[in-house]
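The values are calculated or read from the model by the stated rules, or taken from the named source; none is laboratory data. None of these values were measured; they are calculated from a predicted model. Backbone-built Cβ (ideal geometry, glycine too); neighbour counts: all protein chains shown.
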Amino acid sequence: MNKEDSIEKQILSSTYIYQGKIINLRQDRVKLPDGRETEREIVEHPGAVVILALTDDGKLVMIRQFREPVNEVLWELPAGTVEEGEDLVRCAKRELEEETGYYPRKIKKLLSFFSTPGFCNERLTLFLAEDLEERSKNEDADEFIQVKNLKISEVLKMIKGNVIKDAKTIIGILYLVSSIEYTVYSEERRS
């Protein structure tokens, strides 16, 4: 065993406590590197996509919706859960159109990250969507979403002012402004 492996835990057993439509909750019995045993509660999630959708005039497509777990209306990037067997690109296109009415003619995978790896295996994949075609929204029956296109400078102020509180949105926006894609995009729009 090399030094890097010495912090890994060994799963001894797993028991499902709850299995739902979107998430499962399981309890694992694990053996720690020092030989002790303990329990871990794990939320299983099928994964999701997050979309940085940029309009032709350089604005970012943002949504607002009420989120029951935090009892607040949040500003977010369009996002959604991957359906069983669904390709990530297809999911990103579907979710963007459902939530905003925009369909991307150009889409690029940027990166993947975990939402809350301390207790959940949800992997989020961030996409850049451009060359947007306006179509009609087709949100789920239980979704009530407002769409607004905002300047990147406005969105950054909203992050600094704690108006945007959603981690996936903050990660996506900060990735965008720190990336070469944004620099090139901004320079193209100025010329």
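I want to confirm something. Restricting to segment 61-102 and keeping residues that are of a type in the set (Ser, Thr, Tyr) and farther than 21 Å from residue 22 by Cα, which single residue is surrounded by the most Cβ atoms within 10 Å (Cβ to Cβ)? Among those that are of a type in the set (Ser, Thr, Tyr) and farther than 21 Å from residue 22 by Cα, it is 100. For residue 58, the conditions (1) surrounded by 15 or more Cβ atoms within 10 Å (Cβ to Cβ); (2) in a strand (DSSP E or B); (3) not hydrophobic (A, V, I, L, M, F, W, C) are fulfilled apart from (2). Among the residues of segment 38-51, the ones that are of a type in the set (D, E, K, R) and either surrounded by 12 or more Cβ atoms within 10 Å (Cβ to Cβ) or in contact with a His (Cβ under 7 Å, 6 or more places away or on another chain) (or both) come to 2 in all. Regarding segment 50-62, can at least one residue be identified that is modelled with pLDDT of 95 or more and over 30 Å from residue 178 (Cβ atoms)? No, there is no match, as no residue in segment 50-62 is modelled with pLDDT of 95 or more and over 30 Å from residue 178 (Cβ atoms).
Of the residues making up segment 96-120, those that are more than 30 Å from residue 134 (Cβ to Cβ) and either outside the structural domain of residue 56 (by TED's automatic domain parsing) or assigned to a strand (DSSP E or B) (or both) are 114, 120. Is it fair to say residue 32 is hydrophobic (A, V, I, L, M, F, W, C), more than 17 Å from the chain's Cα centre (by Cα) and more than 30 Å from residue 89 (Cα to Cα)? The answer is yes for residue 32. What pairs can you find where one residue is in segment 17-32 and in the same structural domain as residue 84 (by TED's automatic domain parsing), the other is exposed (fewer than 15 other Cβ atoms within 10 Å of the Cβ) and aromatic (Phe, Trp, Tyr), and their Cβ atoms are less than 8 Å apart, with a gap of 6+ or different chains? Listed by first residue and then by second, the contacts come to nothing, as the list is empty. For segment 12-44, the tally of residues that are under 28 Å from residue 85 (Cβ atoms) and at pLDDT below 95 stands at 2.
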